[in-house]
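Below is one structure, written out as structure tokens; comments come after it.
The values are calculated or read from the model by the stated rules, or taken from the named source; none is laboratory data. In this text, all values refer to a predicted model and were calculated from it rather than measured experimentally. Note that we place each Cβ from the backbone using ideal geometry, even for glycine, and neighbour counts take in every protein chain shown. Ligands, DNA and RNA are stripped out before the accessible areas are found, and what is left, the full protein with its side chains, is counted by its heavy atoms. Shrake-Rupley method; radii C 1.70, N 1.55, O 1.52, S 1.80 Å.
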Amino acid sequence: ADAYMGSMESAMDKVNRALRYNPNQPDGLAVRGSILYLAGETEKGLHLLQDAYGRDKENKAIKQEVQQCHRTHSSLSKGRNCVKRGRYLEAMEHFTAAMKEKTLVPEKTPLFAMVRCERAEAW
């Protein structure tokens with residue numbers, strides 16, 4: 001909950017305490033991945049989420065989060081590629097799509113601010 005409110009350090013402290021006792025626990029790894037993702041470290045976060053899902057293929061919540069992160073990450077990548085090619089209007093559409101994923105990119109997170117800035121730069 002802390003991460004969705006923008007308190008990344010507090011959220012990371014809590015999950016690190018939990019993982020200290022069982023460092024390979026899938027739910028804990030998924031939470032750590034989500035925190036990293038929301039903090040703007042999308043590649044690291046997605047990698048941890050995939051690792052967590054690999055450890056518990058029956059966990060539908062982790063599977064759904066991995067899929068959502070892939071969609072958002074894809075929109076971000078497409079937007080960044082469009083900026084590099086000078087296709088700014090198309091880039092804005094991709095960044096806007098990433099921002100509309102409210103369940104994964106809440107407004108109070110660093111990731112939302114990062115995507116919003118990238119969209120503004122593409123304007």
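Summary of values
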{"quantity": "Considering residues of segment 13-29 that are touching a Gly at 6+ places or on another chain (Cβ under 8 Å) and open to solvent by 60 Å² or more (accessible area, probe 1.4 Å) only, the residue nearest to Leu111 (Cα to Cα)", "calculated": "Ala18"}
{"quantity": "Conditions (1) at pLDDT 95 or above; (2) of a type in the set (D, E, K, R); (3) buried (at least 19 other Cβ atoms within 10 Å of the Cβ); number of the one not met by Glu65", "calculated": "(1)"}
{"quantity": "Members of segment 3-62 that are of a type in the set (S, T, N, Q) and under 28 Å from Arg80 (Cα atoms)", "calculated": "Ser7, Ser34, Thr42, Gln50"}
{"quantity": "Only one of Arg116, Arg32, Arg71 that is assigned to a helix (DSSP H, G or I), in contact with a helix residue (DSSP H, G or I) (Cβ under 7 Å, 6 or more places away or on another chain), open to solvent by 10 Å² or more (accessible area, probe 1.4 Å) and more than 15 Å from Met8 (Cα to Cα)", "calculated": "Arg116"}
{"quantity": "Within segment 83-105, tally of residues that are open to solvent by less than 50 Å² (accessible area, probe 1.4 Å), farther than 12 Å from Thr72 by Cα and either acidic (Asp, Glu) or not in a helix (DSSP H, G or I) (or both)", "calculated": "1"}
{"quantity": "Filter result (in a helix (DSSP H, G or I) and in contact with a helix residue (DSSP H, G or I) (Cβ under 6 Å, 6 or more places away or on another chain)) within segment 52-62", "calculated": "Ala52, Tyr53, Arg55, Ile62"}
{"quantity": "Long-range neighbours under 6 Å by Cβ, at least six apart or interchain, first residue on the phi > 0 side of the Ramachandran plot within segment 1-23, second surrounded by fewer than 16 Cβ atoms within 10 Å (Cβ to Cβ) and at pLDDT 75 or above", "calculated": "Gly6/Lys108"}
